[in-house]
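**Q** Have a look at this one before I ask anything.
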């Protein structure tokens with residue numbers, strides 16, 4: 001009887017131990033709210049990475065991973081915090097992929113993740129403010145900060161022989177942020193910003209704005225706005241008055257309408273936008289299509305990578321505890337090591353199991369800088385004969 | 001040579017844009033001031049009358065373009081303008097018949113009429129958006145430039161350059177013609193005299209046998225024609241977007257009030273004053289001073305009175321200053 005009891009108890013312990021081996025990953029995204037159309041393919045991409053790892057059977061000696069979704073709502077910080085708390089306390093997740101919006105991310109990070117020691121890998125929060133949060137190595141993002149684009153663009157300007165420039169930006173948070181980041185980086189590289197002035201979208205007349213910019217002068221004019229809004233009005237007026245002939249465009253300006261409207265008048269103008277020539281992007285696209293995910297949707301690659309990085313770090317640490325694997329995240333993403341592309345997670349798990357080193361590239365060509373955010377890859381574009389031409393990738 | 005460079009730069013960035021913009025405002029203000037002078041209320045629907053007229057003209061322009069008609073170097077919209085004006089006149093007269101006349105016969109006070117015009121404004125606002133949509137539309141065709149900045153530089157060899165657009169020239173010439181004709185019409189013709197009489201003293205005018213309904217109809221016709229012309233010229237020069245036209249209401253009224261509400265000549269002057277101050281106050285004179293001053297006197301900064309962020313505030317500021325010191329406007333209009 002006694003023996004039977006011990007046997008029962010010990011077998012019970014074994015069963016619970018085996019169950020404890022299975023882990024959960026939270027996927028917290030804005031499933032309702034302003035980005036509800038973007039999130040379904042993103043969540044599916046995260047689940048795709050998890051499925052790939054499960055199918056390999058190599059993860060932490062055969063541990064299976066399941067996913068739990070949580071709704072962050074994008075705009076309601078309270079709802080985002082509550083959803084994250086539920087994921088941690090009632091679902092007991094080992095890490096969270098998300099949140100998606102910058103505001104929700106910042107709320108979840110400071111109110112939930114840091115007090116609970118939970119790792120967050122956001123696939124899409126791009127606010128520069130998140131770079132300065134003291135997160136104790138708990139926060140990472142596979143999307144680049146908006147500030148990063150300013151650094152890249154400033155470098156492209158210097159490379160193209162622009163020594164001084166005037167900046168005009170659309171009068172909102174995006175415009176202000178990108179303009180100040182371009183100015184800061186450009187001045188650091190020895191360039192001179194003659195004037196940085198805002199413009200309002202949806203006005204008919206921009207002659208006063210262009211007059212002031214022209215008087216300040218410069219080798220080129222940086223237009224940090226929207227192609228369908230005030231940005232086009234500024235360019236039109238600047239071309240008409242002959243104020244500037246060389247324009248520099250950040251991401252927001254590269255719309256179809258820009259070249260339809262101005263064509264070869266913009267020859268010699270240049271700029272950047274997110275883009276990569278990595279073979280990983282094409283491979284992931286193929287995989288997403290095979291799994292029935294809209295592969296052209298934004299942030300799909302970033303989300304796949306976020307989930308893959310989290311699981312690979314766990315494998316490298318040999319543990320699914322956030323405190324253990326958080327230190328391994330930078331190691332699996334950055335060199336040295338074997339380059340890992342989408343669909344090669346099994347290979348990566350095997351290398352890590354054997355004590356090797358990997359350099360995760362993934363679908364978004366991810367490389368972590370600073371405290372753990374994607375350096376981002378940008379395509380440098382010039383206008384030639386009225387058409388966009390990619391010169392190189394940064 | 002430096003003096004010439006400074007002048008060319010000033011013309012390119014201050015003179016030309018503000019003369020063009022001033023002409024467009026003047027035409028708009030003329031229409032608003034006529035309604036105020038004779039019908040005695042501020043017509044808030046005037047900005048949207050401009051949008052409606054421009055919309056009608058754009059539709060007619062598209063029709064003409066589809067038939068392959070063009071005016072050579074001039075914009076086709078000029079040919080479509082009479083159609084646009086007729087449609088707008090028809091619409092405005094119908095509004096008067098259905099809405100304003102009801103209140104006029106009951107002799108309501110002018111504040112009520114202002115509120116009625118606010119209602120008409122919202123209806124027109126919606127109509128324009130339903131018919132043509134909210135998007136930005138460019139409908140200028142023909143030659144864009146009389147001469148471009150690059151050509152000018154080649155001819156003169158100056159460092160500074162100047163571009164002149166077809167639409168700028170068309171705007172200034174048409175405004176000159178229309179203002180001269182309107183002045184002649186109001187001063188010399190029998191109808192014009194009866195309108196002025198009606199404006200000065202309504203009862204006396206009635207006693208002298210002036211038909212009030214006829215005067216009212218003529219005021220609406222003139223105001224609709226002027227609004228359409230102003231709107232089309234503005235749209236040709238910049239672009240057409242219903243929301244922008246709605247916002248034009250402020251500078252148009254500022255121009256009319258500054259010149260003296262109800263005074264046609266004042267409205268023209270007011271248009272130019274508002275346009276000039278908007279551009280002049282926010283222009284950075286660094287470049288011009290660079291040509292005029294000796295090298296060691298050059299300003300470090302931009303030599304700008306206000307940054308362009310305050311552009312919109314300028315028309316308000318002009319309005320407040322004029323109302324403080326000359327409440328009836330620079331050219332003695334009626335006090336509001």
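**Q** Hey, what angle do you get for helix B:242-259 against the long axis of chain B, alpha-carbon based, 0 to 90 degrees rounded to 10?
**A** 90
**Q** Mind telling me which of B:108, B:258, B:170 comes out most flexible in a GNM of chain B, alpha-carbon contacts under 10 Å?
**A** Maximum among the listed residues: B:108.
**Q** How high is the FRET efficiency between residue A:54 and residue B:306 when r is their beta carbon distance and R₀ equals 45 Å, given to the nearest 0.05?
**A** 0.10
**Q** Please report the spacing between the Cα centers of the range B:81-151 and the range A:243-286 in Å, no decimals.
**A** A separation of 39 Å, based on Cα centres.
**Q** First check a/c for the range B:1-79, with a ≥ b ≥ c the square roots of the eigenvalues of its C-alpha gyration tensor; if it is under 1.5, answer rounded, and if not, answer prolate when a/b is larger than b/c or oblate otherwise.
**A** oblate
**Q** Go ahead and run the numbers for FRET between residue B:180 and residue A:173, Cβ-Cβ distance against an R0 of 56 Å, rounding to 0.05.
**A** For R0 = 56 Å, the calculated efficiency reads 0.65.
**Q** Given a cut-off of under 8 Å on Cα pairs at least six residues apart, what relative contact order in percent is computed for the range A:61-133?
**A** With pairs under 8 Å counted, the relative contact order is 29 percent.
**Q** Can you give the angle from 0 to 90° between the axis of helix A:207-216 and the longest principal axis of chain A, with both taken from C-alpha atoms, to the nearest 10?
**A** Roughly 90 degrees between the two axes.
**Q** What is the range A:291-394 by shape, rounded, prolate or oblate, if you read a ≥ b ≥ c off the alpha carbon gyration tensor as root eigenvalues and call it rounded for a/c under 1.5, prolate for a/b larger than b/c, and oblate otherwise?
**A** Prolate, because a/c is 1.5 or more and a/b exceeds b/c.
**Q** Say a paramagnetic label sat at a point 7 Å from the Cα of residue B:313, along Cα to Cβ; which residues of the range A:208-224 have their backbone N under 11 Å from it?
**A** No residues fall inside that zone.
**Q** What's the Kirkwood radius of chain B in Å, using all Cα pairs?
**A** One decimal place: 21.2 Å for the Kirkwood radius.
**Q** Between the helical axis of A:300-317 and the dominant principal axis of chain A, each derived from Cα atoms, what acute angle in degrees is found, rounded to the nearest 10?
**A** That works out to roughly 40 degrees.
**Q** How would you rank A:393, B:283, A:226, going from fewest to most other Cβ atoms within 10 Å of each one's own Cβ?
**A** A:393, A:226, B:283
**Q** In the Gaussian network model of chain A, springs joining C-alpha atoms below 10 Å, which of A:189, A:284, A:213 carries the largest mean-square fluctuation?
**A** For chain A, modelled as a Gaussian network with Cα springs under 10 Å, the answer is A:189.
**Q** If you wrap a convex hull around the C-alpha atoms of the range B:72-130 and split its volume per residue, what is the figure in Å³?
**A** 102
**Q** What FRET efficiency do you get for residue A:37 and residue B:106 if R0 is 51 Å and r is their Cβ-Cβ distance, rounded to the nearest 0.05?
**A** Calculated transfer efficiency: 0.45.
**Q** Here is a further query. Find the Cα radius of gyration of the range A:183-268, compare it with 2.2 N^0.38 Å by division, and give the number to two decimals.
**A** 1.04
**Q** Another question, then. May I ask what percent, to the nearest 5, of DSSP beta bridges between residues of the protein assembly as shown are antiparallel?
**A** Percent antiparallel among DSSP bridges in the protein assembly as shown is about 35.
**Q** While we're here: Take the alpha-carbon positions of the protein assembly as shown, form their convex hull, and give its projected area averaged over all directions (one quarter of the hull surface) in nm².
**A** 42.4
**Q** Something else: Separation between the residue A:116 and residue B:204 pseudo-spin-labels, each 7 Å from Cα along Cα→Cβ, expressed in nm?
**A** 8.4
**Q** Starting with the fewest neighbours, write out A:312, B:4 ranked by other beta-carbon atoms found within 10 Å of each beta-carbon.
**A** Sorted ascending by nearby Cβ count, the order is B:4, A:312.
**Q** Alpha carbon centre of the range B:232-272 versus the range A:324-351: separation in Å?
**A** Cα centres, the range B:232-272 to the range A:324-351: 65 Å.
**Q** Sort out for me the Cα centre separation of the range A:165-203 from the range B:8-68, rounded to whole Å.
**A** A separation of 33 Å, based on Cα centres.
**Q** Please arrange A:151, B:202, A:28 by counting, for each residue, the other beta carbons lying within 10 Å of its beta carbon, fewest first.
**A** B:202, A:151, A:28
**Q** I need to check one value: relative contact order of chain B, counting alpha carbon pairs closer than 8 Å and at least 6 residues apart, in percent.
**A** It rounds to 32 percent for chain B.
**Q** Separate question: Report the relative contact order of chain A, percent, no decimals, based on alpha-carbon pairs under 8 angstrom and at least 6 residues apart.
**A** Worked out over chain A, it gives 17 percent.
Values in this text are rule-based calculations from the coordinates and carry no lab data. None of these values were measured; they are calculated from a predicted model. All Cβ positions, glycine included, derive from the backbone under ideal geometry; neighbour counts span all protein chains shown.
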